[in-house]
Structure formats: C-alpha cells, structure tokens
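The values are calculated or read from the model by the stated rules, or taken from the named source; none is laboratory data. Keep in mind it's a predicted model, so treat the numbers as computed, not measured. Cβ sites come from the backbone with ideal geometry, for glycine too, and all protein chains shown count toward neighbours.
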C-alpha cells in the first residue's frame, strides 16, 4: 500500500483539510499515476455536501486528473512510465453488460465505479484526485496529447467530455443551431466545442455580463434570459439546447425555443426535480433528454479533437491551500472558468 498526501472532507459540512490516504498496490493491469493537476468540479462540492445523497466520509474528491505514469503492472500494454495521462469521472465498470460492450461504460447497467465515493475492486471506497498519486486500471486511463497544455487539460476529463458527448450524439455541426444555457465551467466548454464542430452557437445566460467572453470563445449570439423578449424572439429556433446549469429553470420556456424535432439536453444536475409540461414536448415534436459523461473511447476522441483544434478550458491555477476559498468562489460563480489545483502543493 502507498500512503499519499491529499485533501479530504471529514463530513458533509466540513471544510477540506490536509490528510493522508492509502492507495492499493499496483496490480497486473494497474497504472500508478503521479498526479500533476486536478480540476475542481461543482460535482465535487455537491457530492461532499450530500446534495445528491449520502456518501461515506472522510472523502477525497476530484475527477479531473492529469499526471505522469510512475509505475505499471506486469500486464499493462496501453501505457508506459513517463506517459502523460488523464483520469476522468470513472475508474471501472462491469465490462460485461450491453452498454459496456458498446463502449458506453458511463451507462454501465451494473453501475460504473466512480473516481471517488464508489466501492473499488479491493472493497475500499474510491478516493479522488485531490491527492499526489492514484492507482487506476489501465483501461480507464486516457492519453493526454502533447500539444495540450497540461494544467489546462485537466478539466477536459469532466467538463470537456460532459459537453462533447451530447454535442456529438445530437450531431452538432454545420447547418445546426445550438444554444448553450449558462456560461460557467461546463458552458464555456460547450461554446468552444460546438463552435469547433461548425455549429451556429448562441449563449443563453441570465445577464449579458459575460457577452464579450462568449464572443471570444466562439459564440455567434448572446442573449440574456432575464429579458422576456429573448424567449419571444428566439422561439422555434434551435436544433439543440445544452443546459449546463445545476439550478431550477422554467423548462417550458426553454423548450419553446426548439424547432421541429429539436432536443434540449440536461448536463447540469440540480438536486431538486425539474417540472415540465408534456404539451411543451408535443409542440414541434420536441425532446427533453439527459446526458452523462462519455465512455472511455469517446473521452479519448474528445481529447484528440481538442488537441487538433487547440481547445482547452480557461483555467485559474491554485495551490492546495486555496481549495476552500476556491469552492466558495465556485458557489458564488466567481471563476472564469475552471479552477485547477497544482498537485505538487499537496506535498
């Protein structure tokens, strides 16, 4: 067992504090990763605070991980010592169900193993990337292309794939009109990716405060949803709406913006139910859908796409000692657009 430095929450209401945790021995198919950078995701906060249900504390979160391979098991064939690699939101799955066999491990019918807060292969609870090292099965480790800035690449492992997957699934591209609800960590990635795919992109944000950022990131239009005229002007406009916010919305109002056979897909996850009127779906044969992250194959595709198009998140690099302040700023929407922790400062 390897003892490593980390930051953990002792309870749902506690601040994160330095600690040590143990990582399992490197098995035949395992990869030991020296973590270099770990992104902060709003999901980390939701999980620790039990917004989505109870979890076992103490808990180390973090599922946007990039680092260097430090050791490989005897049977590892996909990775070598010194490789630049990444780990996202899951570290295993059953690999036998219909969805896993289709390369959609994120939808494992037996439940995939999350990077933190799940039962691992050795029966322990998985602990995430707010630490110096992690041991992961080689099949759930991604290659990070050399052309991607290493620190900025970390949030691609969640924010990147969470928005890339629905954009690809619903065929965002030339001739398609895509709206992105929210311009936060997820939303700014959705804008960059949809623009790179060739779609016409509109940001729907509460105010126009980030309009200049939207244009810089590739948005063709930017509308304030606090202005009721927005919903009148844009009625029956979009092929796809990607909702990235984790807060209650008037879904019927947003669904009214979809054209014939348009889809609104939720990637944000508010803790409370979102009501929708079925007649909003009847009109224009609209669909309301959800999307999780992506499978391992698609996540690698996303990383390669970002390398090809020079896409990384806009990030702010912090030391580990600043994590609690960073969480406060995430909750206050005071970050443009993703915090990344320098893992060297966990030591």
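Some observations on this one:
- Scoring residue 28 on the criteria (1) more than 17 Å from residue 125 (Cβ to Cβ); (2) in contact with a helix residue (DSSP H, G or I) (Cβ under 9 Å, 6 or more places away or on another chain); (3) surrounded by fewer than 21 Cβ atoms within 10 Å (Cβ to Cβ) leaves a single failure, condition (2).
- Within the option set 17, 38, 12, being surrounded by 14 or more Cβ atoms within 10 Å (Cβ to Cβ) and not in a loop (DSSP other than H, G, I, E, B) holds for one residue only, 38.
Residue-by-condition table, conditions (1) surrounded by fewer than 19 Cβ atoms within 10 Å (Cβ to Cβ); (2) modelled with pLDDT of 95 or more; (3) touching a helix residue (DSSP H, G or I) at 6+ places or on another chain (Cβ under 8 Å); (4) outside any helix (DSSP H, G or I):
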position	(1), (2), (3), (4)
63	no, yes, yes, yes
69	no, yes, no, yes
74	yes, yes, no, yes
78	yes, yes, yes, yes
100	no, yes, no, no
103	yes, yes, yes, yes
122	yes, no, no, yes
128	no, yes, yes, yes
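- Across the stretch 193-208, the qualifying residues are those that are assigned to a loop (DSSP other than H, G, I, E, B) and touching a strand residue (DSSP E or B) at 6+ places or on another chain (Cβ under 9 Å), and the one among them that is surrounded by the fewest Cβ atoms within 10 Å (Cβ to Cβ) is 207.
- Within the stretch 172-191, restricting attention to residues that are in contact (Cβ under 8 Å) with a residue 60 or more places away in the chain and surrounded by fewer than 24 Cβ atoms within 10 Å (Cβ to Cβ), the residue that is farthest from residue 220 (Cα to Cα) is 184.
- Boolean, residue 146 is assigned by TED's automatic domain parsing to the domain that holds residue 62, more than 15 Å from residue 299 (Cα to Cα) and free of Cβ contacts under 8 Å to residues at least 12 places away in the same chain: no
- Taken over the stretch 290-335, the criterion of being within 20 Å of residue 164 (Cβ to Cβ), touching a residue at least 60 places away in the same chain (Cβ under 8 Å) and not in a helix (DSSP H, G or I) is satisfied by 291, 292, 293, 294, 295, 310, 311, 312, 313, 314, 315.
- Unmet requirement for residue 289, which otherwise passes all of (1) at pLDDT 95 or above; (2) farther than 17 Å from residue 170 by Cα; (3) surrounded by fewer than 16 Cβ atoms within 10 Å (Cβ to Cβ): (2)
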